[in-house]
2 protein chains.
Amino acid sequence: MTAPGEAARPRPARRPTIKDIARRAGVSESAVSFALNDRPGVSQDTRARVRRVAEELGWQANSAARALSGERAGALGLVLARPARTLGVESFFLQLVSGIQEVLSARNIALLFQVVEDLDAECALYRRWWAERRVDGVLVVDPRTEDPRPQLLASLGLPAVVVGGTATPERDAPAPDGRTESAPKTAAPAPGTAPHPAAPGPAATPPHPLLATVWADDAKAMARILDHLHGLGHRRIVHIAGLPGLAHTARRIRSLRTEAALRGLDHRHVRSVTTDYSDAEGAEATRRLLDAAKPPTALVYDNDVMAVAGASVAAGRGIPVPGALSIVAWDDSALCRVTHPRLTALVRDTPGFGRLAAHELLAVLDGGPPRTVQGELPHLEARESTGPPGAP
Amino acid sequence: MTAPGEAARPRPARRPTIKDIARRAGVSESAVSFALNDRPGVSQDTRARVRRVAEELGWQANSAARALSGERAGALGLVLARPARTLGVESFFLQLVSGIQEVLSARNIALLFQVVEDLDAECALYRRWWAERRVDGVLVVDPRTEDPRPQLLASLGLPAVVVGGTATPERDAPAPDGRTESAPKTAAPAPGTAPHPAAPGPAATPPHPLLATVWADDAKAMARILDHLHGLGHRRIVHIAGLPGLAHTARRIRSLRTEAALRGLDHRHVRSVTTDYSDAEGAEATRRLLDAAKPPTALVYDNDVMAVAGASVAAGRGIPVPGALSIVAWDDSALCRVTHPRLTALVRDTPGFGRLAAHELLAVLDGGPPRTVQGELPHLEARESTGPPGAP
DNA sequence: GAGCCGCACTAATGCGGTTCAGTACGAGGG
DNA sequence: CCCTCGTACTGAACCGCATTAGTGCGGCTC
């Protein structure tokens, strides 16, 4: 049958097309298309027969053909703009991606994931994906205080959802009355049908961000951390923040200031310093702070890696934790549980956040308005790295 | 021009097609296609003109259309089969992916990245991707000792490269003479042209694995670790391995046995135990080993997370490292540098490994034979966690 | 019983590229 | 001068699916 030399490379089985199904089922190709897409125009009998044949043949729609005719790529994109060297110790992204895919794979939508060097490359990639019709929409992560991406995406008309931040820093921050919607403002229109966008009139267009947004309430999270530390008696607390350009860094810094003021804490003793999220800068900042005349009694790190690095600096100097220094990590991971002592951490449901973001993007793709929805509140998992200041 | 309500959702610019280019350049669509794809049949003049117009219009080929006619999806896939809870602390995958994409983005190939629960889901996904023609090939990670994937992929005819392991555990392991090819066995045929597969005859089909493979020489790596520890004087060394089902775990365990025998070490004192890679099992194994009557003086952990967890157990018990216990981590990361003492680690060039894998897969896609190529040898970065046994 | 309607289905078209079979034309050879 | 050949280009078919515009037919109406 096959020549000996070919044995190792089996002739790939030909993938079935609707034509094959049509032939086997004895109907036209269009009937098959109707049957498989739940469209009217075929009898229950025929529909069932076609379905059965498709099943037998293991047919799956050719994604390219579907994209070409259906105007839908069947894929979404996520770009991570980080220099390779700072990649990967955080568990955040893989967890986020896993949550996103839980939602997408149920609808058979693929995720294009790409790591690039910087924001410019990310923007260039969006343009290319758009021009190539590679994706139907994108998830934007690491929103910045000055972010060119919402503008770009809006001008391209590429649906998007901003993950972890409000789209425009101040205007769309939690409204003055403290409420942020977590449910649709207007009933979502029937999916896929919106022939007359003018229908609901101007009243249906309240001030809304350029892009859909899912966000976490960093202010409340910071309040919880301060409650914990302040309650233990700490009065000198430093927040070792991440990259200053990121929107959530700015939010956390603002929150710290606000929450400190609410508790009557001196802003010279309760403040933030920024880093690049790396263990090196986290350790360096810790050293600098501990060298001060009146060092802080508690440190809040913006990620787990820096927290562990900080704990290690303390250990190296023989500073007892939590006896002389309390440590909190913003974001939990295995890291926080393997150190000695184990670190008190702010636990977030990151896969859940990913699911939320995916749902939101799908809603936008279905013609919904760009909404701003809020993720679950994180909780503080108190472990051994926090205690009253000055205790043994 | 636009109704007020529409302002926020600008009408997306229409993406240009070759038809637009053809009109502007005053030639036929086919001429445009020839010009843009470096095919003969157009003059230098026309080619340049078409190129210029395409540039002006910001044209990019519609990936769906190209996939449909060209029989190339322009995308590769990578599936990570891990339960969500064990995800993410290791930096390995993001770094691997970043290396892969360095190569792919230069050729404008996208990467579909998906996280699934288990191997079955992974296989199902391969089938679907194949049937949908979503991807031109896949990168298979975490190869197992009993792995259904090479068979499946071969039967589907879906090009693939196995990352980090030899495809079939024994047969294709480093040849008895110790040599493994790192260059093509036969000159690669001119890309894209292989009309008569029967051409070279049976002689051109030496025993080769089912799939192309890139691998790291775990045996040599293990030898380096043992050189280091044995040289320091250690005689009781335990290797805390990862999941027993993974191919590289098996290889490392075998290597340890071989290398120990070569050095005349007692296999009761130099041995491996397996875990699930988690910090919890790493810590648990460490406790058990340290509880023994004659505990090991050195521990080699198969990943950084377990190593840190182990170090933490030692710290918790007041066991000085490296005074009473030396620790080596297989795989370096920020983790190994933030602990106190910093951990001696086996450093691999993971992005480089990713680049290698991507190149290999592209070679297969270009019609090359499935080869087995070897990544760069890792080196042991000696830090403070290893020293002579019994020293203070 | 002619007209009409709705159902089940088929034929034809298009999505945006690639590719193959022609065609027009100028140069070169006998 | 006719024929061939190569170059530069055009027209049309095709990839696999979705969709729209028919078509045939049985049943209902009046």
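Every number in this text was worked out from the coordinates using simple rules, so none of it is lab data. Please read all numbers here as calculations on a predicted model, not as lab measurements. As a convention, Cβ positions derive from the backbone with ideal geometry for all residues, glycine included, and neighbour counts pool all protein chains shown.
Output wanted: per-residue J couplings in Hz (rounded whole) for the range A:134-140, from phi through Karplus 6.51 cos²θ - 1.76 cosθ + 1.60, θ = phi - 60°, x for Gly and Pro.
Values, residue by residue: 6, 10, 8, x, 9, 9, 9 Hz.
Rounded to whole Å, give me the distance from the Cα center of the range A:29-87 to that of the range A:118-147.
If we compute the Cα centre of each part, the gap is 25 Å.
Between the label point of A:Ile319 and that of the same position in each other copy, find the distances and list them shortest first in nm, with every label point placed 7 Å from Cα along the Cα-to-C-beta direction.
In nanometres, ordered from closest: 2.9.
When each copy gets a label point 7 Å from Cα toward the beta-carbon at A:Gly70, what are the spacings between them in nm, shortest first?
When each copy's label point is compared with this one, the spacings are 2.3 nm.
If we sort B:253-266, B:365-378 on the protection proxy, mean other Cβ atoms within 10 Å, highest first, what's the order?
Details: B:253-266: 16.6, B:365-378: 18.5.
Result, highest mean first: B:365-378, B:253-266.
Which residue in chain B puts its Cβ closest to the axis that rotates chain B onto chain A, and at what distance in whole Å?
B:Phe113, 2
List the aspartates and glutamates whose Cα lies under 20 Å from the Cα of A:Lys294, skipping any in the same chain that are fewer than 8 positions away.
In chain and number order, the partners are A:Asp266, A:Glu284.
Rounded to whole Å and sorted largest first, what semi-axes of the equivalent ellipsoid does the C-alpha gyration tensor of the range B:314-365 yield via the square root of 5 times each eigenvalue? Walk me through the intermediate numbers first.
Details: eigenvalues 269, 16, 10 Å².
Working from the Cα gyration tensor, I get semi-axes of 37, 9, 7 Å.
For peptide A:93-102, what's the mean number of Cβ atoms from other chains within 10 Å of each residue's Cβ? Please report the intermediate quantities before stating the final value.
Details: counts 4, 12, 5, 1, 6, 11, 2, 1, 5, 4.
Mean number of neighbouring Cβ atoms from other chains: 5.
For B:Arg342, enumerate residues with amide H under 5 Å from its amide H, sequence gap 5+ or separate chain, H modeled in the peptide plane.
Placed amide hydrogens put B:Glu384 under 5 Å from B:Arg342.
For A:Gly137, enumerate residues with amide H under 5 Å from its amide H, sequence gap 5+ or separate chain, H modeled in the peptide plane.
Answer set, sorted by chain and number: A:Gly77.
On average, how many beta carbons from a partner chain sit within 10 Å of the beta carbon of a residue in B:328-339? Before the final figure, lay out each step's value.
Numbers: counts 0, 0, 0, 0, 0, 4, 14, 8, 1, 5, 16, 8.
Counting other chains' Cβ atoms within 10 Å and averaging over B:328-339 gives 5.
Averaged over B:123-133, how many beta carbons belonging to a partner chain fall within 10 Å of each residue's beta carbon?
Numbers: counts 0, 0, 2, 0, 2, 6, 3, 5, 10, 12, 7.
Across B:123-133, the average partner-chain Cβ count within 10 Å equals 4.
Taking amide H atoms as placed 1.01 Å from N in the peptide plane, list the residues 5 or more away in sequence, or in a different chain, whose amide H sits under 5 Å from that of A:Arg144.
Amide H neighbours of A:Arg144: A:Ala247.
Please label the shape of the range B:11-158 as rounded, prolate or oblate, based on the square roots a ≥ b ≥ c of the eigenvalues of the alpha-carbon gyration tensor (a/c under 1.5 means rounded; beyond that, a/b larger than b/c means prolate, else oblate).
Working: a/c = 2.93, a/b = 2.36, b/c = 1.24.
Judged from the Cα gyration tensor, the range B:11-158 comes out prolate (a/c at least 1.5, a/b above b/c).
Using a 7 Å offset from Cα along the direction of the beta-carbon, what are the separations from B:Asp38 to the same position in each other copy, nm, ascending?
4.6
Give the value in nm², to one decimal: projected area of the alpha carbon convex hull of the range B:247-320, averaged over all directions. Don't skip to the answer; put the middle values down first.
Working: hull surface 20.5 nm².
If I average the Cα hull's projected area over directions, I get 5.1 nm².
Using θ = phi - 60° and the Karplus form 6.51 cos²θ - 1.76 cosθ + 1.60, what ³J(HN,Hα) does each residue of the range B:108-117 get, whole Hz, x for Gly and Pro?
Rounded to whole hertz, the list is 6, 10, 8, 10, 8, 10, 9, 9, 10, 6.
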